[in-house]
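A.B. asks: Below are the structure tokens for one structure; questions will follow.
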């Protein structure tokens, strides 16, 4: 197939592209604006491959996107381009409305016209989040039929884009699939997210900030498992359907942080005088506005219909993740030195805030 990936320089997008080049014969074109969270260094191993090409392009640029569609002639669009950070959406929602809603609309319109003219088998795969369902509470699981109740500007923008994709399927018959995933973790993740933030702050001897009492629960999904699921959906999924993707790993935020500290204590003991364990750096801070208590995914549909289930347990996946950051300090240093096109000041703030 010819696969057009939007947001391919991001965390999940780059993992998807590395998988496509290493494990399939598909040709891949990567479209990414390269905002602060886009990093081409995450694609070093594939950048010279004959089946891969990159275009720095904003998905809001409809004319350029249209030109790319008709030149590349994709069989599949895997749409991951999005502003994805809850705290940033609270501080500045405009970019989330523009990229996540208007950007998705732009892609849908270009895809619709291309699909009609190209007259070929085609699928538009929209990759979304479980946060569109809102706060689950202490019991139950999110299913594909759970009502939408987003809490933050980020999740509201993703809920809106989900609705647009479904509307383009129902109204215009555009072939689509949607996936809603739980919290991803793994290598190459931008360090504003909880797990890499804790790892890198700990190694730097900084405080490890915890929102509220740290009892918020998330279902953790190893990014390589997620990528496998995306490929199952885009190749075998039923057009018009939604598939929830979860890791079956519900963990309290504080338990995640404690486990990271335990692994780091074993693999890279603290070097700060007077600190025997990284757990001593844990600091509780004021909770985030509108912070959802719990997310958890019912992934029985994708298992039953497509045969997918996660391979990694949280224990195995988090150990691999910590080891990757220890083994790839140069990647981390390049990120902190500004290779994400973000002022250094934004990185300096990371030790004072606990991100999703």
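A.B. asks: Considering each of 31, 76 in turn, give the residue that is more than 17 Å from the chain's Cα centre (by Cα) and crowded, with 16+ Cβ neighbours inside 10 Å.
C.D. replies: Checking each option against the conditions leaves just 76.
A.B. asks: Sort through 239, 229, 202 and tell me the only one that's crowded, with 23+ Cβ neighbours inside 10 Å, in contact (Cβ under 8 Å) with a residue 24 or more places away in the chain and over 22 Å from the mean Cα position of the chain (by Cα). Let's see the steps before the verdict.
C.D. replies: Working: 239 fails: crowded, with 23+ Cβ neighbours inside 10 Å; 229 fails: over 22 Å from the mean Cα position of the chain (by Cα).
Step by step, each of 239, 229, 202 is checked, and only 202 is crowded, with 23+ Cβ neighbours inside 10 Å, in contact (Cβ under 8 Å) with a residue 24 or more places away in the chain and over 22 Å from the mean Cα position of the chain (by Cα).
A.B. asks: Which of the residues spanning segment 205-218 are in contact with a strand residue (DSSP E or B) (Cβ under 8 Å, 6 or more places away or on another chain), farther than 28 Å from residue 242 by Cβ and surrounded by fewer than 20 Cβ atoms within 10 Å (Cβ to Cβ)? Explain how you work it out, then say what you get.
C.D. replies: First, the residues of segment 205-218 that are in contact with a strand residue (DSSP E or B) (Cβ under 8 Å, 6 or more places away or on another chain): 207-218.
Retained after the next criterion (residues that are farther than 28 Å from residue 242 by Cβ): 207-215.
The answer is 207, 212, 213, 214, 215.
A.B. asks: Looking at (1) part of a loop (DSSP other than H, G, I, E, B); (2) crowded, with 23+ Cβ neighbours inside 10 Å, which is the only condition residue 47 fails?
C.D. replies: Of the numbered conditions (1) part of a loop (DSSP other than H, G, I, E, B); (2) crowded, with 23+ Cβ neighbours inside 10 Å, the odd one out for residue 47 is (2).
A.B. asks: Exactly one condition in (1) assigned to a helix (DSSP H, G or I); (2) farther than 28 Å from residue 119 by Cβ; (3) at pLDDT 95 or above; (4) touching a helix residue (DSSP H, G or I) at 6+ places or on another chain (Cβ under 8 Å) is not met by residue 13; state its number.
C.D. replies: Of everything listed in (1) assigned to a helix (DSSP H, G or I); (2) farther than 28 Å from residue 119 by Cβ; (3) at pLDDT 95 or above; (4) touching a helix residue (DSSP H, G or I) at 6+ places or on another chain (Cβ under 8 Å), residue 13 misses just condition (4).
A.B. asks: Taking only segment 16-44 into account, find how many residues are touching a strand residue (DSSP E or B) at 6+ places or on another chain (Cβ under 6 Å), outside any helix (DSSP H, G or I) and at pLDDT 95 or above.
C.D. replies: 6
A.B. asks: Considering segment 299-330 alone, what residues qualify as being in a loop (DSSP other than H, G, I, E, B) and buried (at least 17 other Cβ atoms within 10 Å of the Cβ)?
C.D. replies: Residues satisfying the conditions are 299, 308, 310, 312.
A.B. asks: Now for a different question. Within segment 73-85, is there a residue that is in contact with a strand residue (DSSP E or B) (Cβ under 7 Å, 6 or more places away or on another chain), in a helix (DSSP H, G or I) and in contact (Cβ under 8 Å) with a residue 24 or more places away in the chain? Can you show your working first?
C.D. replies: The first filter runs over segment 73-85 and keeps only residues in contact with a strand residue (DSSP E or B) (Cβ under 7 Å, 6 or more places away or on another chain), leaving 73-81.
Checking the rest, the ones that are also in a helix (DSSP H, G or I) come to none.
No; the residues of segment 73-85 include none that is in contact with a strand residue (DSSP E or B) (Cβ under 7 Å, 6 or more places away or on another chain), in a helix (DSSP H, G or I) and in contact (Cβ under 8 Å) with a residue 24 or more places away in the chain.
A.B. asks: Ok, one more. Of the conditions (1) on the phi < 0 side of the Ramachandran plot; (2) without any contact (Cβ under 8 Å) to a residue 40 or more places away in the chain, residue 165 fails just one. Which one is it?
C.D. replies: (2)
A.B. asks: Something else about it: All but one of (1) touching a strand residue (DSSP E or B) at 6+ places or on another chain (Cβ under 8 Å); (2) farther than 19 Å from residue 291 by Cα hold for residue 136; which doesn't?
C.D. replies: Unmet condition: (2).
A.B. asks: Within segment 175-189, restricting attention to residues that are crowded, with 22+ Cβ neighbours inside 10 Å and farther than 11 Å from residue 223 by Cβ, which residue is farthest from the chain's Cα centre (by Cα)?
C.D. replies: 176
A.B. asks: Working only within segment 98-140, note down all residues that are assigned to a loop (DSSP other than H, G, I, E, B), at pLDDT below 95 and surrounded by 15 or more Cβ atoms within 10 Å (Cβ to Cβ).
C.D. replies: Keep residues of segment 98-140 that are assigned to a loop (DSSP other than H, G, I, E, B), which gives 119-122, 134-140.
From the residues that got through so far, the ones that are at pLDDT below 95 too are 119-121, 134-140.
Residues satisfying the conditions are 134, 135, 136.
The values are calculated or read from the model by the stated rules, or taken from the named source; none is laboratory data. Quantities reported herein were computed from a predicted structural model and do not represent experimental measurements. Every residue, glycine as well, gets a Cβ built from its backbone with ideal geometry; the counts of neighbours run over all protein chains shown.
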